[in-house]
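The structure appears below as structure tokens.
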Amino acid sequence: MMLIPAHHFRDIERKPEYLQLEKCIPPPHPSPVGTMWFIRDGCGIACAVVTWFLVLYAEFVVLFVMLIPSRDYVYSIINGIMFNLLAFLALASHCRAMLTDPGAVPKGNATKEFIESLQLKPGQVVYKCPKCCSIKPDRAHHCSVCKRCIRKMDHHCPWVNNCVGENNQKYFVLFTMYIALISLHALIMVGFHFLHCFEEDWTKCSSFSPPTTVILLILLCFEGLLFLIFTSVMFGTQVHSICTDETGIEQLKKEERRWAKKTKWMNMKAVFGHPFSLGWASPFATPDQGKADPYQYVV
């Protein structure tokens with residue numbers, strides 16, 4: 001397939017009067033400040049529900065098939081605390097990734113007043129999105145599902161029913177990391193449980209019948225292996241994207257680099273917050289994104 005030059009993906013206008021301002025009318029009912037971000041997409045909502053169902057299924061099998069029936073109370077308590085903590089952090093990260101504005105550009109801001117406030121100089125270029133009628137900041141792309149332009153958009157993920165962008169990439173990375181960890185933990189516990197049940201009577205190693213126990217464990221093993229591979233690859237891809245300061249869309253479209261190159265550590269701190277702390281691993285710690293620069297809309 002022939003690659004299209006990156007500049008063809010943007011509608012570039014050098015003079016504000018060419019933006020057809022009469023067609024750029026702000027939304028009649030702007031969302032009030034503090035409104036929760038949520039994408040009303042049927043496929044995304046279904047995928048998010050399935051994600052929660054699979055985590056809760058793993059929780060059920062781990063607790064009621066493997067840990068509670070075990071006579072080794074120390075083993076059950078330690079693994080129960082570890083698994084529940086990781087599952088809680090995974091679901092909390094999922095909620096933050098899904099309900100956080102990923103960096104949406106104000107819709108319909110290509111108005112005469114806004115463009116005049118930019119104080120454009122001769123030769124400067126502004127970027128217009130004809131789909132949502134907004135003035136794009138540099139490195140922003142339009143999402144057809146969110147129906148908005150998203151700053152530093154990496155991709156739209158149906159599993160979190162949201163775009164992964166400037167404001168929620170940290171939570172998405174944490175979500176993939178914690179899902180990978182609970183998948184690995186579940187697989188290890190399934191392996192130990194099978195060994196334990198083979199050495200003893202199957203009727204004593206679970207409160208369910210042997211056939212039911214085997215089916216539940218096999219399904220958990222399949223789920224854990226599948227999600228361990230998927231989320232580990234996604235986690236590695238996201239970390240690489242952060243370290244190189246190049247989003248997935250920018251890599252796919254091979255866009256020309258127009259932004260300053262920074263060290264990997266600086267890029268990590270830009271996503272997870274300054275300075276390095278335990279807050280990097282917490283979905284409840286909001287990284288400081290800084291204030292938006294009005295001149296990011298022009299080059």
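Numbers below:
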| quantity | calculated |
| --- | --- |
| Matching option when the condition is surrounded by 20 or more Cβ atoms within 10 Å (Cβ to Cβ) and either more than 27 Å from the chain's Cα centre (by Cα) or under 28 Å from GLY42 (Cα atoms) (or both), among PRO102, PRO106 | PRO102 |
| Qualifying positions in region 227-242 - under 13 Å from VAL271 (Cβ atoms) and loosely packed, with under 15 Cβ neighbours inside 10 Å | HIS240 |
| Per-region count, region 51-75, residues open to solvent by 20 Å² or more (accessible area, probe 1.4 Å) and touching a Ser or Thr at 6+ places or on another chain (Cβ under 6 Å) | 2 |
| Qualifying residue in region 141-162 (condition: among the polar types (S, T, N, Q), within 24 Å of THR244 (Cβ to Cβ) and either surrounded by fewer than 21 Cβ atoms within 10 Å (Cβ to Cβ) or touching a residue at least 40 places away in the same chain (Cβ under 8 Å) (or both)) | yes |
| Residue under evaluation ALA186, criteria (1) over 14 Å from the mean Cα position of the chain (by Cα); (2) open to solvent by 10 Å² or more (accessible area, probe 1.4 Å); (3) modelled with pLDDT of 95 or more, criterion not met | (2) |
| Residue, nearest to VAL50 (Cα to Cα), within region 129-166, restricted to residues that are in a loop (DSSP other than H, G, I, E, B) and of a type in the set (Val, Ile, Thr) | VAL160 |
| Residue match in region 206-218 (condition: open to solvent by less than 10 Å² (accessible area, probe 1.4 Å), under 30 Å from ILE68 (Cβ atoms) and of a type in the set (A, V, I, L, M)) | yes |
| Selection count, region 237-265, where residues are part of a helix (DSSP H, G or I) and within 18 Å of GLU166 (Cα to Cα) | 15 |
| Qualifying residue in region 181-202 (condition: of a type in the set (Gly, Ala, Ser), assigned to a helix (DSSP H, G or I) and touching a residue at least 12 places away in the same chain (Cβ under 8 Å)) | yes |
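The values are calculated or read from the model by the stated rules, or taken from the named source; none is laboratory data. A quick note: this is a predicted structure, and the numbers were derived from the prediction, not measured. Glycine gets a Cβ as well: all are built from the backbone with ideal geometry, and neighbour counts include every protein chain shown. Quick note on the areas: whole protein, heavy atoms, side chains included, nothing else; ligands and nucleic acids left out. Shrake-Rupley method; radii C 1.70, N 1.55, O 1.52, S 1.80 Å.
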